[in-house]
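Below is one structure, written out as structure tokens; comments come after it.
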Amino acid sequence: MAKKWTQLWLQYKPRKDCGNKGYFENVWICGFSAEHKIVVNLLKEVEKAAAGMLDVHPDFKEWSADETAHTGMLLCKSEVSHIGAEGYEISEKAGLLTVSAREEKGLLYGVFHVLRQVALEQSVSDCYLCINPDNPLRMYNHWDNMDGSIERGYSGESFFFANNEVIVDERIEDYARLVASVGINAVVINNVNVKDNATWLITDRYFKDVAKMAEIFEGYGIKMFLCLNFAAPMELGGPDSADPLDPEVRRWWEKKMEEVFEAIPNLGGFLVKADSEGRPGPFSYGRTQADGANMLADIIKDYGGIIIWRCFVYNCTQDWRDYKTDRARAGYDNFIQMDGDYHDNVILQIKNGPMDFQIREPISPLLGGLVKTNQMLEVQIAQEYTGHQIDVCYLIPMFKEILDFRTYCAKEDDTVADIISGRTFGNKNCGVAAVCNTGNDVNWTGNDLAAANFYGFARLAFQTSLTAEEIAEEWIRMTISCEQEVIDTLMGILLPSREIYENYTSPLGIGWMVVPHEHYGCSVDGYEYSRWGTYHRADHLGLGVDRTYNGTGFVGQYHEPNVSMYNAIGTCPEELLLFFHHVPYTYQLKSGKSLIQHIYDSHFEGVEQVEEMILAWESLDGKIDADVHRTVSERFQRQLLNAKEWRDQVNSYFYRKSGIPDEKGRKIY
Ligand code: GCU
């Protein structure tokens, strides 16, 4: 029999009491209807968690004010102003633990907070806290296709679709529980590249099942979104055009959206990839991105819908001989002129870097470049360029760097975190999305350790002040073990894993050097003479792309002082040196090493670090779940092969180009 999927951080295995048991004996509800879908679900969750972790079966009751000496847990509606719409307050006094919220969703998050404390074996006695989520939209984007495949998926097939049908089963509910427990409030279920059957998701061929799925999500406070095909009018029997300013096209969409929202009233809206990598869009009709986005947004406004419009628009048929065209410039160049033209219910979704989810990139200058437009950050936890969930790569430290980056778009509150949370511009339609890393593998993410990203992104989206360490420790305790030795060992593996991956792959921000299309494994020149605009420009003297004012001028897209910092080789952060500058192999880095020596050293070191991670992991044999241990061990062996291949190819390549030997005389081919 096929094994059932795991419960990840919601395993509810027995826990030390830590004084928490008493709160679960009596659970009162006050001011919320026990029949509300979300409340029904959260009570079910409390019951399951209490039974599993503390062996207690709660008595659920309506609160009556005349009862004296209450002890237990009170789930209470509150109108106090410091609790925001999706926020919650938790306080404990004399044996009564009160979780207060304005709305059911906030209550759900508050209850999951309490359950997390129990799972972490932390006492809640005497606690007081009030948490409002930092980002209005906290979203997972799934790139699932209707045939069941997943674009850039590394953990099995889709659990949303199979054989061109929508799946509505128990796993959808478990997925909703998992992501709601960490505060996700929006999910896109289909691939941004909308083709074939997926175009039909907005027709009655699929309405019934899509509506059912949206309803499951609603019970966990999650809005479901769909990706749209901009050319849908043409493909679904409408007018022979998708021109956003053509009245006939507009009328077609009006009628279509009326049907869609009648069938799926709680749909959140749509995510659109237009004019990108072969997808249709307004450019084909000489219209702007704003024309396209606004047309759709206006039509769905009355249904409360929003249009999330992606900024991943660039020329993917570039000539490698052309040193002036720079893919990094494209997002900004395509979107900046229309800053302020986008309607209120449009959000521009911007990838964290100007290229494409590389292991190291600067922040996209569109973030904070736009000052009159709703902005949303897009990151990727699907490890497309970061090891395919074979190699361990805990991405939360990278996301922290992104969020903390000062854009200087305002005098204060100008970090990426400020912008996407709405603090900088006082807007509400904003937030953060991650391209998700799940599939129908038993353990959801292929590599069990990749679930730390699935958990961590969401926790960070909810509370951006959490540290990468705090998130890692929570995840380990909830998922793997509460034993200190295990925690320490795993922290030692996860926290440096991004830097380790960077060490054995492409150096100092240059990116790429991957096997084309597949994006796993090394191929230094794989994309060097291709049309994709992804070059390292290495010759016998040096490497890197000159994006200064002497080169492509990309640096000019930032605000000062970032422009000057990146433009001068001496002040450019060294981890991004080759992204911004073409640098001689003999250039001396701050460490005193030459560039070429740095390349050799970091690649040898990267492999050694993988070997150390493996030893650390092997020390956990017998101390954690055997299946998890075996699965991850097997992946570590593949990671080691991958790291060695990268090391030897990169080192040999640059040795052959430069003719400069390794100072330490190690084996280079
Ligand atoms: C990358 C990725 C594609 C994806 C695209 C996108 O280019 O390789 O598979 O479709 O990003 O973000 O739209």
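The values are calculated or read from the model by the stated rules, or taken from the named source; none is laboratory data. In this text, all values refer to a predicted model and were calculated from it rather than measured experimentally. Glycine gets a Cβ as well: all are built from the backbone with ideal geometry, and neighbour counts include every protein chain shown. Each accessible area value is taken on the protein alone, full model and side chains, heavy atoms only, with ligands, DNA and RNA left out. Shrake-Rupley method; radii C 1.70, N 1.55, O 1.52, S 1.80 Å.
Things worth noting here:
- Using only alpha-carbon positions in the stretch 514-629, the gyration tensor eigenvalues give semi-axes of 34, 19, 16 Å once each is multiplied by 5 and square-rooted (largest first).
- Selection among His603, Pro133, Val583 by position relative to the dipole of the chain gives Val583 as farthest towards the positive end (Cβ unit charges, Cα centre).
- The label point for Ser149 and the one for Glu634, both projected 7 Å from the Cα toward the Cβ, are 2.3 nm apart.
- Leading residue at positive end of dipole, the chain (Cβ point charges), from Gly544, Val182, Asn503: Gly544
- Stokes-Einstein D in µm²/s, Kirkwood radius over Cα pairs - the stretch 137-464 at 20 °C with 1.002 mPa s viscosity: 108
- Dimensionless Rg over Rh [the stretch 389-536; C-alpha; Kirkwood]: 1.01
- Accessible surface ranking for Trp9, Trp200, 1.4 angstrom probe, highest first: Trp200, Trp9.
- For the stretch 453-597, the fraction of C-alpha pairs farther apart than 22 angstrom is 56 percent.
- Relative contact order (percent, whole number), the stretch 137-464, Cα cutoff 8 Å, 6+ residue spacing: 19
- Translational D in µm²/s for the stretch 283-358 (Stokes-Einstein at 37 °C, 0.692 mPa s, Kirkwood Rh from C-alpha pairs): 238
- Here the chain is treated as a sphere whose radius is the Kirkwood value from Cα pairs; by Stokes-Einstein at 10 °C and 1.306 mPa s it diffuses with a coefficient of 61 µm²/s.
- Each distinct pair of alpha carbons in the stretch 242-379 adds a 1/r term; the inverse of their mean, the Kirkwood radius, is 15.9 Å.
- Residue-wise HN-Hα coupling along the stretch 186-202, computed from phi with Karplus coefficients 6.51, -1.76, 1.60 (Hz; x: Gly, Pro): 7, 9, 9, 8, 10, 4, 5, 7, 8, 9, 6, 4, 4, 4, 7, 4, 9
- Rounded FRET efficiency, nearest 0.05, which uses the C-beta distance separating Glu47 from Glu79 and R0 of 22 Å: 0.20
- Taking trypsin sites (Lys or Arg not before Pro) across the stretch 1-85, the ones in a DSSP loop with at most 16 further Cβ atoms lying within 10 angstrom of their Cβ are Lys3, Lys4, Lys16.
- For GluC sites (Glu not before Pro), the sites in the stretch 235-321 that DSSP calls loop and that have at most 13 other Cβ atoms within 10 Å are Glu277.
- Accessible-area composition of the chain, carbon plus sulfur, in percent [1.4 Å probe]: 49
- Solvent accessible area, Å² - Trp532, 1.4 Å probe, full protein context: 50
- Long-range amide H partners of Glu378 with built H, under 5 Å: Ile350, Lys351, Asn352, Ala433
- Using the Cα coordinates of the stretch 81-158, the gyration tensor eigenvalues translate into equivalent-ellipsoid semi-axes of 35, 16, 9 Å, sorted from longest to shortest.
- Residue-normalised accessible area of the stretch 137-464, expressed per residue, 1.4 Å probe, Å²: 30
- Of all DSSP-defined beta bridges confined to the stretch 20-139, some 40% are antiparallel rather than parallel.
- In Å, descending, principal axis extents of the Cα set of the stretch 236-310: 32, 25, 18
- The relative contact order of the stretch 213-309, computed from alpha carbon pairs under 8 Å that lie at least 6 residues apart in sequence, is 31 percent.
- For Lys208, net neighbour charge (Lys/Arg +1, Asp/Glu -1) across residues whose Cβ lies under 14 Å away: -4
- Here the stretch 16-131 is treated with +1 on each Lys and Arg Cβ and -1 on each Asp and Glu Cβ, and its dipole about the Cα centre works out to around 260 debye.
- Accessible surface, the stretch 16-131, averaged per residue in Å² (probe 1.4 Å): 43
- Relative contact order [Cα under 8 Å, 6+ residues apart], the stretch 16-131, whole percent: 30
- The modelled label-to-label distance between Asp209 and Asp169, using points 7 Å beyond Cα along the C-beta direction, is 1.2 nm.
- Note on the chain: dipole from Cβ charges, positive end direction compared against Tyr653, Val56, Met355; the farthest Cα belongs to Tyr653.
- Taking Cα centre as origin and charging only the Cβ of basic (Lys, Arg, +1) and acidic (Asp, Glu, -1) residues, the dipole magnitude of the chain rounds to 860 debye.
- Cα gyration tensor shape for the stretch 1-68, rounded if a/c is under 1.5, else prolate or oblate: oblate
- Trypsin sites (Lys or Arg not before Pro) within the stretch 444-552, DSSP loop, no more than 15 other Cβ atoms inside 10 Å: Arg531
- Per-residue SASA entry for Tyr323, accessible area with 1.4 Å probe, Å² rounded to 10: 140
- In the context of the full protein assembly, Ser33 retains an accessible surface of approximately 60 Å², using a probe radius of 1.4 Å and ignoring ligands and nucleic acids.
- DSSP beta bridge pairing in the chain, given as percent antiparallel to the nearest 5: 30
- Overall dimensions of the stretch 16-131, expressed as equivalent-ellipsoid semi-axes from the Cα gyration tensor (√(5λ), whole Å, largest first), are 19, 15, 15.
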